[in-house]
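The values are calculated or read from the model by the stated rules, or taken from the named source; none is laboratory data. All values reported here derive from a predicted model rather than from experimental measurement. Please note: Cβ atoms are built from the backbone with ideal geometry, for glycine as well, and neighbour counts cover all protein chains shown.
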Amino acid sequence: MGEYYLLGIESSCDDTSVAVVSSDFHVLSVKTVSQTSIHKLFGGVIPEIASRNHLAWVIPAVDAALKEAGKTKDDIAAIAVTNYPGLIGSLLIGVSAAKGLAVGWKKPLIAVNHLNAHIASAFLEREKRPEFPYLSLVVSGGHTSLIEISGDERTVLGETMDDAAGEAFDKIAKMADLGYPGGPIIDKMAKGGDASKYKLPYLLKNNNKYADEIVFSFSGIKSAVKRFLDEGEVDMPSLMAAFQDRIVELIERKVKLALSRKKYTAFVVAGGVSANSAVRKMAENISKKYGLELYLPELKYCQDNGAMVAAAAMDDFSAGRFSSLDFDVAPTVRPKIH
Ligand code: KG4
Ligand code: ZN
């Protein structure tokens with residue numbers, strides 16, 4: 001098989017994004033229509049509004065992505081689209097558009113799991129892919145998952161019991177009236193703070209119960225931060241630095257626990273929160289310490305985008321594994337949906 005190009009469509013949350021990616025993981029174009037300025041007004045994503053904007057922008061984004069890539073529909077080998085997990089109305093728009101294009105253009109269709117897409121974002125513009133088995137950490141607004149990947153087999157080693165990491169950042173920022181989305185704001189603010197000024201707990205009350213388990217929990221820290229905020233005057237940069245440090249420490253502990261149980265070749269960290277400076281530093285330190293090859297997406301590919309969707313479909317395409325036209329969408333992760 002020579003070089004080929006896939007079109008990737010992402011619409012699982014509030015970003016409409018379409019990209020053209022070549023079989024060697026080179027990104028020819030990404031066109032993203034961000035709705036952040038709209039949802040910012042409400043302090044979070046309003047699903048109904050998100051779906052309506054996807055409907056308006058998905059086809060213009062396809063046209064723009066093809067144009068920027070210097071390609072036409074005839075150059076596209078297949079269409080990849082996110083079908084779960086995500087907001088149902090949002091997913092339906094991207095999936096319906098992809099199905100329509102597949103029929104109209106007579107191209108194969110590949111349904112993509114959003115978590116796999118985030119993992120594949122770390123392979124964009126990289127020459128090599130990691131050898132198996134590798135450990136991947138997906139930290140985003142909707143997920144905090146440690147996943148072991150060995151060939152086609154994916155094993156979820158642990159997930160969050162309550163909030164996702166990005167959700168914790170967003171909720172704290174909302175509570176402290178810092179703006180939306182919270183992650184980038186807190187990341188920036190924390191740089192000017194002194195984390196040692198505030199003492200925050202590690203986990204829930206039942207700390208010891210979960211000491212040997214790969215589970216994440218961020219609601220305890222959230223409550224502790226809330227208590228400081230409720231008390232009045234706070235040194236906000238320092239409180240945010242303490243919060244961010246604690247989140248990262250918690251994640252680090254569980255990554256180390258997974259690494260102590262099995263030998264991996266590489267560590268992949270992806271998802272919106274992988275843009276966080278402290279998370280990136282932690283990933284670098286751990287990889288060095290454990291002799292793992294590190295795969296971190298470039299900052300521009302950390303947030304939801306169409307390029308990672310196309311990247312995640314490469315293996316299916318080369319193996320001729322296509323999705324039939326009747327595949328469904330789903331709000332949560334299911335082991336197999338197509
Ligand atoms: O992956 P993503 O675009 O959407 C989901 O699939 O959820 O992730 C969005 C999340 C938001 O919660 C946002 O606050 C967080 O990623 N985020 C960050 C940073 N940049 C984005 N969190 C911490 N530090 C950052 N620099
Ligand atoms: Zn995402």
Mind listing just one residue for me: the one in the stretch 118-134 that is of a type in the set (A, V, I, L, M, F, W, C) and surrounded by fewer than 24 Cβ atoms within 10 Å (Cβ to Cβ) and, of those, farthest from ligand 2 (Cβ to nearest atom)?
PHE132
What tally of residues in the stretch 246-275 results from selecting those that are farther than 19 Å from ILE214 by Cα and out of contact with any strand residue (DSSP E or B) (no Cβ under 8 Å at 6 or more places or on another chain)?
1
Consider only pairs whose beta carbons are under 8 Å apart and that are at least six residues apart or on different chains; among these, list those whose first residue lies in the stretch 129-149 and is touching a residue at least 60 places away in the same chain (Cβ under 8 Å) and closer than 11 Å to GLU159 by Cα and whose second residue is in a strand (DSSP E or B) and within 10 Å of ligand 2 (Cβ to nearest atom).
LEU137/ALA270; VAL138/ALA270; VAL139/ALA270; THR144/VAL138
Kindly indicate whether ALA190 is more than 11 Å from ligand 1 (Cβ to nearest atom) and either farther than 16 Å from VAL138 by Cα or small (Gly, Ala, Ser) (or both).
no
Reported set for the stretch 178-197 where residues are surrounded by fewer than 18 Cβ atoms within 10 Å (Cβ to Cβ) and among the small types (Gly, Ala, Ser) is GLY179, GLY192, SER196
Of the conditions (1) at pLDDT 95 or above; (2) surrounded by 16 or more Cβ atoms within 10 Å (Cβ to Cβ), ILE59 fails just one. Which one is it?
(2)
Conditions (1) closer than 17 Å to MET308 by Cβ; (2) surrounded by fewer than 18 Cβ atoms within 10 Å (Cβ to Cβ); number of the one not met by GLY94:
(2)
Surrounded by fewer than 18 Cβ atoms within 10 Å (Cβ to Cβ), over 26 Å from LEU115 (Cα atoms), more than 16 Å from ligand 1 (Cβ to nearest atom) and not basic (Lys, Arg): which single residue out of GLU231, GLU213 fits that description?
GLU231
In the set LEU137, LEU115, the lone residue that is within 13 Å of ligand 2 (Cβ to nearest atom) and touching a Ser or Thr at 6+ places or on another chain (Cβ under 8 Å) is LEU115
State whether the residues of the stretch 191-199 include one that is modelled with pLDDT under 95 and either at negative phi or within 16 Å of ligand 2 (Cβ to nearest atom) (or both).
yes
Unique residue being under 19 Å from LEU292 (Cβ atoms) and under 14 Å from the mean Cα position of the chain (by Cα) when the list is ALA165, ALA120:
ALA120
Anything in the stretch 184-199 that is assigned to a loop (DSSP other than H, G, I, E, B), more than 26 Å from the chain's Cα centre (by Cα) and not small (Gly, Ala, Ser)? List them, or say none.
ASP194, TYR198, LYS199
